[in-house]
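*Asks:* Below is a structure I'd like to ask you about.
The values are calculated or read from the model by the stated rules, or taken from the named source; none is laboratory data. Just so it is clear, the model here is predicted, and its values are computed rather than measured. Quick reminder, even Gly has a Cβ in these numbers, built from the backbone with ideal geometry, and neighbours come from all protein chains shown. Surface accessibility is based on the protein's heavy atoms, side chains included, excluding ligands, DNA and RNA. Shrake-Rupley method; radii C 1.70, N 1.55, O 1.52, S 1.80 Å.
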Amino acid sequence: MSTTAHGGASPELHLPFDLAELDASPVRTGRLVLRPIRAQDADDVDAYQRLPEVVAYLPWPLRDREASHEHTALRARQRTLAGDGDAVALAIVLPGEPSLGGGGEGRVIGDLTFILTSAAHAQVGVGWVLHPDFQGRGYAREAATALLDLAAGLGAHRIAATVDAANEPSLALCERLGMRKEATFRHDRHDRTGWRDTVIYALTGAEWLGRRVSAADTTTSPGAH
Ligand SMILES: CC(C)(COP(=O)(O)OP(=O)(O)OC[C@H]1O[C@@H](n2cnc3c(N)ncnc32)[C@H](O)[C@@H]1OP(=O)(O)O)[C@@H](O)C(=O)NCCC(=O)NCCS
């Protein structure tokens with residue numbers, strides 16, 4: 001962080017963010033492993049990308065197997081956050097669950113998207129998808145928590161999620177993460193179902209780190225020793 005002529009601190013993200021770091025040492029949460037998505041994950045990814053209920057609120061088309069494999073191969077090639085609009089995808093791996101593609105490390109039950117929206121203003125975006133068989137178990141919250149940690153570690157000043165206003169599970173996840181509902185845009189998009197509303201949830205990196213410290217304090221509070 002440096003200081004500007006008018007005394008404000010100017011944001012500095014630690015860029016480029018290269019996924020090689022996560023190849024070498026994936027993020028391990030209590031139950032999950034998060035690592036860069038790979039072309040070989042395509043069968044696992046296809047198992048959720050081809051479900052209408054999964055893409056209902058995503059800006060994704062319903063993909064057949066071939067399109068899903070192409071999409072996963074494309075995302076696997078996107079390895080760096082360096083300029084505005086760059087995005088990378090992290091596979092959410094559940095160890096012990098057999099991969100549909102035959103890999104031995106576990107099944108890719110969903111993925112996370114991490115987008116550099118503005119390097120100059122230290123703004124990032126986050127997104128999440130889980131196979132329905134693995135929803136309702138707190139895996140998305142666990143994975144998203146690790147993603148917000150990554151974002152804060154990168155120096156993100158503000159972290160935002162863009163959610164369809166009817167996507168109750170994703171809105172609930174934003175609330176559980178402590179993100180703030182900042183805006184609702186009426187009819188800012190049109191799809192095959194008609195005009196849609198978009199909700200923006202966000203929090204600052206400092207707010208997120210504060211929440212993490214409070215949570216740690218709670219787990220080590222008197223009586224927990
Ligand atoms: C959005 C999405 C990722 C949320 O997944 P989710 O599984 O509901 O989210 P969580 O991991 O936070 O799980 C929460 C639920 O697990 C329950 N749970 C069970 N065990 C838990 C545990 N150990 N820890 C935390 N929660 C647990 C919670 O009580 C909660 O249940 P509830 O919804 O009945 O209150 C999922 O609905 C999805 O993939 N949707 C399709 C794609 C999509 O729209 N993505 C978002 C685009 S913006």
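*Asks:* Using helices alone, I'd like the mean residue ellipticity at 222 nm for the chain: each DSSP H run of four-plus residues gives -39500 (n - 2.57), total over residue count, nearest 500. Each step should come with its number before you reach the end.
*Replies:* Numbers: 7 runs with 69 residues, N = 225.
Computed mean residue ellipticity for the chain: -9000 deg cm²/dmol.
*Asks:* Related question: If packing is taken as the mean number of other Cβ atoms within 10 Å per residue, what is the order of 57-69, 29-41, highest first? Could you put the intermediate results ahead of the total?
*Replies:* Values: 57-69: 14.2, 29-41: 18.5.
Output ranking for 57-69, 29-41: 29-41, 57-69.
*Asks:* For the range 12-216, what is the per residue volume of the convex hull drawn over the alpha-carbon atoms, in cubic angstrom?
*Replies:* 119
*Asks:* In a Gaussian network model over the chain where Cα atoms closer than 10 Å are linked, find which of ALA76, ALA144, ALA172 has the largest mean-square fluctuation.
*Replies:* ALA172
*Asks:* Could you provide, to the nearest whole Å², the per residue accessible area of the range 12-216 with probe 1.4 Å?
*Replies:* Values: 9700 Å² over 205 residues.
Computed with neighbouring chains in place, this is 47 Å² per residue.
*Asks:* Taking R0 as 45 Å, what's the FRET efficiency between GLU207 and ARG50 from their Cβ-Cβ distance, rounded to 0.05? Please report the intermediate quantities before stating the final value.
*Replies:* Values: r = 37 Å, r/R0 = 0.82.
For GLU207 and ARG50, the calculated efficiency is 0.75.
*Asks:* If the elastic network links every pair of Cα atoms under 10 Å, which of ALA183, ALA73, ALA42 fluctuates the most in the Gaussian network model of the chain?
*Replies:* Top of the fluctuation ranking is ALA183.
*Asks:* With a 1.4 Å probe and every protein chain kept in, tell me what percent of the accessible surface of the chain is carbon plus sulfur. Write out the running numbers ahead of the final one.
*Replies:* On the way: 6060 of 11410 Å².
Reported share for carbon and sulfur atoms: 53 percent.
*Asks:* Further, regarding this structure: Translational diffusion coefficient of the range 106-225 at 10 °C, 1.306 mPa s, Stokes-Einstein with Kirkwood Rh over Cα pairs, in µm²/s as a whole number. Please list the in-between numbers first.
*Replies:* Details: Rh = 15.6 Å.
It comes out at roughly 102 µm²/s.
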